[in-house]
1. Based on what the data block shows, is residue 211 touching a residue at least 60 places away in the same chain (Cβ under 8 Å) and at positive phi?
2. Could you count how many residues in region 144-154 are in contact with a strand residue (DSSP E or B) (Cβ under 6 Å, 6 or more places away or on another chain) and either in a loop (DSSP other than H, G, I, E, B) or surrounded by 21 or more Cβ atoms within 10 Å (Cβ to Cβ) (or both)?
3. For region 283-313, name all the residues that are out of contact with any strand residue (DSSP E or B) (no Cβ under 7 Å at 6 or more places or on another chain) and farther than 25 Å from residue 99 by Cα.
4. So, in region 106-132, how many residues would count as being in a helix (DSSP H, G or I), touching a residue at least 40 places away in the same chain (Cβ under 8 Å) and surrounded by fewer than 21 Cβ atoms within 10 Å (Cβ to Cβ)?
5. Mind listing whichever residues of region 201-240 are over 21 Å from residue 266 (Cα atoms) and either in the same structural domain as residue 372 (by TED's automatic domain parsing) or surrounded by fewer than 15 Cβ atoms within 10 Å (Cβ to Cβ) (or both)?
6. Please specify each residue of region 258-274 satisfying the condition of being surrounded by fewer than 17 Cβ atoms within 10 Å (Cβ to Cβ), under 30 Å from the mean Cα position of the chain (by Cα) and within 26 Å of residue 209 (Cβ to Cβ).
7. Taking the conditions exactly as written (without any contact (Cβ under 8 Å) to a residue 60 or more places away in the chain and in contact with a helix residue (DSSP H, G or I) (Cβ under 8 Å, 6 or more places away or on another chain)), does residue 345 satisfy them or not?
């Protein structure tokens, strides 16, 4: 029996952790004991607690209740708290997801105590170090022992950075092992897809019909906090909705919703608020998000996770960022990068409106990535 300590802190990590916890419960209960630490990076009940209930994830054994703050302050508190827990629990491995400050803090704390780091979603690169996430994922990768990349491109990125493909055991931070294993979020999407259809009424509640609305999400600071970019994004949404008589649904984080009145021009803000075609709703649960994604005609987002989910459900996607770590989606033609450029967003929409029969090759594995990860952690 090995003990793993899983670090979660942001909404996507809570969801990703569901796949691993489920695999342990169903197939490795007699071999792996999981201790879960919630850093509290996302502390709003609507953004975290609801997911534990809905996805049947074991309750965290610890909650650091860090909350918001500057990157340095937030990460420092997390390192201190995680270090104390590691010294108490003495796990055999620490499991980290993605690229948040929680990921970085866990990697730093564990590496200093010589506890092997297992990084899920390793190798992803946007090649833009102005993004805090890019710094976090690179630093975490380079002090990890087992690195699990969801895609071949991520795996190749690691090789280009000097990771060796044919390392032999024993593995360590100095002799890491890299894997192309598929995506735990694809595992989740397959598992929860049918559940979402049966248990949510998000479409009926908001008067939505299948393939008759666009789903949009906007949350990154460089979009929400910069008035020029935010105005450009919402002008594009308003134009697309009105010229095509198409509903646009925006589940917005409360922080983003507040910024609309502050950063949008008064005229645009009034147009958005009074439009019958643009529907701003509160943050939705994971199952509700799946239902929206499955039934939308097209998805616009600045979220890396939502880009992938659009692909899982075979939906065209307009990326509201200047780059993406999921370059495969652009390469296969199912997604277009438009940044916060009004003209490019509208052009991308017109492109997908005319395109039928988009290709969605199987690039995210077989839906059993979590089981593979568990088996490799046992073999370490």
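1. Yes: the conditions hold for residue 211.
2. 6
3. Residues satisfying the conditions are 291, 294, 295.
4. Adding up the residues that qualify gives 2.
5. Selection gives 201, 204, 205, 207, 209, 210, 211, 212.
6. Within region 258-274, 273 is the sole residue that qualifies.
7. no
The values are calculated or read from the model by the stated rules, or taken from the named source; none is laboratory data. Since this is a predicted model, take the numbers as computed values, not measurements. Glycine gets a Cβ as well: all are built from the backbone with ideal geometry, and neighbour counts include every protein chain shown.
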